[in-house]
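Here's the structure we're looking at; comments come further down.
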Amino acid sequence: MNDTATTPSAAPASRPPLPPFTRETAIQKVRLAEDGWNTRDAAKVALAYTPDTQWRNRSEFVTDRTQAQAFLERKWRKELEYRLIKELWAFDGNRIAVRYAYEWRDDSGNWFRSYGNENWEFDDQGLMQRRFASINDLPIAEADRKFHWPQGRRPDDHPGLSDLGL
């Protein structure tokens, strides 16, 4: 971890919306996750996960919240100018499936759009206990970028994935 990172220790007792999810609360949960990841604040984002969270992200396996934070710190050191859009795919009970795309550049100035799907499982308090991600990276020209808002939260009036044809 870097010098300014904090160890993820105390998540809120509850992280609404809570399961079982309705369509409305599943959409809220997806947007909250998108907003969190767009902050690129690994310590804050890690608090959305249970202390014993289990992840598969590409070929990497994460087995607790501290590892999740370290993973995110590494990710955002590599994926510069990161901007993410998530969209609800399906939900049932305490599970949500999403599809997403994010754009980023490497330290050589090469741009990418990464496409993925995630399956999420939440505990009764709304913390994510399991996250399974499959992701593919597509090199793109800078002129082909579609995510142009300032770093941070995607503006409410910015098109979503379906609106962008992604």
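Criterion first (assigned to a strand (DSSP E or B) and surrounded by fewer than 19 Cβ atoms within 10 Å (Cβ to Cβ)) does residue 61 satisfy it? It is true that residue 61 is assigned to a strand (DSSP E or B) and surrounded by fewer than 19 Cβ atoms within 10 Å (Cβ to Cβ).
A Cβ distance below 9 Å, combined with a sequence gap of six or more or placement on separate chains, defines the contacts here; from the stretch 9-34, residues that are under 12 Å from residue 128 (Cα atoms) and assigned to a helix (DSSP H, G or I) reach residues that are β-branched (Val, Ile, Thr) and modelled with pLDDT of 95 or more in the pairs 29/96; 30/96; 30/98; 33/45; 33/96; 33/98.
Residue count for the stretch 96-108 under the criterion of being free of Cβ contacts under 8 Å to residues at least 24 places away in the same chain and either within 23 Å of residue 141 (Cα to Cα) or not hydrophobic (A, V, I, L, M, F, W, C) (or both): the result is 1.
Checking each residue in the stretch 39-58 for being out of contact with any Leu (no Cβ under 9 Å at 6 or more places or on another chain), outside any strand (DSSP E or B), charged (D, E, K, R) and at pLDDT 95 or above picks out only 44. Checking the structure you have, find out if any residue of the stretch 30-42 is aliphatic (A, V, I, L, M), closer than 20 Å to residue 97 by Cβ and over 10 Å from the mean Cα position of the chain (by Cα). No; the residues of the stretch 30-42 include none that is aliphatic (A, V, I, L, M), closer than 20 Å to residue 97 by Cβ and over 10 Å from the mean Cα position of the chain (by Cα). Checking 91, 71 one by one, the residue that is of a type outside the set (S, T, N, Q) and part of a strand (DSSP E or B) is 91 and no other.
Residue-level analysis places residue 119 outside the set of residues that are part of a strand (DSSP E or B) and either among the acidic types (Asp, Glu) or over 27 Å from residue 25 (Cβ atoms) (or both). Would you be able to say whether some residue in the stretch 103-110 is assigned to a loop (DSSP other than H, G, I, E, B) and of a type in the set (Gly, Ala, Ser)? Yes, the conditions are met somewhere in the stretch 103-110. Can you go through 159, 155 and tell me which one is touching a strand residue (DSSP E or B) at 6+ places or on another chain (Cβ under 9 Å), more than 27 Å from residue 14 (Cβ to Cβ), part of a loop (DSSP other than H, G, I, E, B) and of a type outside the set (A, V, I, L, M)? So the residue among 159, 155 that is touching a strand residue (DSSP E or B) at 6+ places or on another chain (Cβ under 9 Å), more than 27 Å from residue 14 (Cβ to Cβ), part of a loop (DSSP other than H, G, I, E, B) and of a type outside the set (A, V, I, L, M) is 159.
The values are calculated or read from the model by the stated rules, or taken from the named source; none is laboratory data. All figures in this text were calculated on a predicted structure; none of them were measured in a lab. When we count neighbours, we look across all protein chains shown, and the Cβ atoms used for this are built from the backbone with ideal geometry, even at glycine.
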